[in-house]
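Chemist: The following block contains the structure, expressed as structure tokens.
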Amino acid sequence: MDFIGGYSRKDYLRDRLAGLKDRLASTPPREPEPVASKPHRLAGRLTEAMREEIVAKYEAGVPSTKLVREYGIGKGTVLKILREGGAAMRNQGLSDEQVGEAARLYESGLSLARIGERFGVDSTTVHRVLVGRDVRMRDTHGRER
């Protein structure tokens, strides 16, 4: 009983709580600040001029991934805008011949990044097509998995 009794008297907490209640009561209420939400629909976010700009930049050589980051929209949305804008889509992957060469290069020791640079694609694209061809992958230290 002594142990509990020594720790159960919390008068100072009650006084502190009463002080906080008084401070809150004397503070005038504030209006909540409006939260600016961006429109969900694409039509509300991108003007026609922005769409034309996306198409023009893509046709000038800007990668679609950079457009995704720059405009804050999804990859599928960028591709949709490009299709609707009549843009000639660049190669979106590797041909069968390129995949065969990529497999040979990878098996000879070249990294996914270097192979990607050679073909103008991302290293993840190279990884995906090599796994699809059942090429045995290495770990990040070059050891077989």
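Chemist: Could you check residue 135 against (1) assigned to a helix (DSSP H, G or I); (2) in contact with a helix residue (DSSP H, G or I) (Cβ under 7 Å, 6 or more places away or on another chain) and say which number it fails?
Modeler: (1)
Chemist: Restricting the search to segment 2-47, which residues are at pLDDT 80 or above and polar (S, T, N, Q)?
Modeler: 26, 27, 47
Chemist: Within segment 42-57, can one find any residue that is in contact (Cβ under 8 Å) with a residue 24 or more places away in the chain and hydroxyl-bearing (Ser, Thr, Tyr)? I'd like the intermediate steps shown before the answer.
Modeler: In the first step, residues of segment 42-57 are kept if they are in contact (Cβ under 8 Å) with a residue 24 or more places away in the chain; the result is 42, 45-46, 51-52, 54-55.
Retained after the next criterion (residues that are hydroxyl-bearing (Ser, Thr, Tyr)): none.
No: zero hits.
Chemist: In the list 128, 90, 114, 69, which residue meets the criterion of being under 30 Å from residue 45 (Cα atoms) and part of a helix (DSSP H, G or I)?
Modeler: Matching residue, one of 128, 90, 114, 69: 69.
For every residue, the table says whether it meets (1) small (Gly, Ala, Ser); (2) touching a helix residue (DSSP H, G or I) at 6+ places or on another chain (Cβ under 9 Å).
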residue	(1), (2)
55	no, yes
63	no, no
80	no, yes
93	yes, yes
102	yes, yes
130	no, yes
139	no, no
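Chemist: From (1) surrounded by 10 or more Cβ atoms within 10 Å (Cβ to Cβ); (2) on the phi > 0 side of the Ramachandran plot; (3) at pLDDT 90 or above, pick out the condition that doesn't hold for residue 115.
Modeler: The number of the failed condition is (2).
Chemist: Looking only at residues that are over 21 Å from residue 64 (Cα atoms) and surrounded by 15 or more Cβ atoms within 10 Å (Cβ to Cβ) in segment 118-135, which one is modelled with the highest pLDDT?
Modeler: 130
Chemist: Which residue pairs have Cβ atoms closer than 9 Å, lie 6 or more positions apart in sequence or on different chains, and pair a first residue in segment 64-82 that is at pLDDT below 85 with a second residue that is among the acidic types (Asp, Glu)?
Modeler: Between residues of segment 64-82 that are at pLDDT below 85 and residues that are among the acidic types (Asp, Glu), the close pairs are 65/122.
The values are calculated or read from the model by the stated rules, or taken from the named source; none is laboratory data. None of these values were measured; they are calculated from a predicted model. No Cβ is skipped: glycine too gets one built from the backbone with ideal geometry, and neighbour counts run over all protein chains shown.
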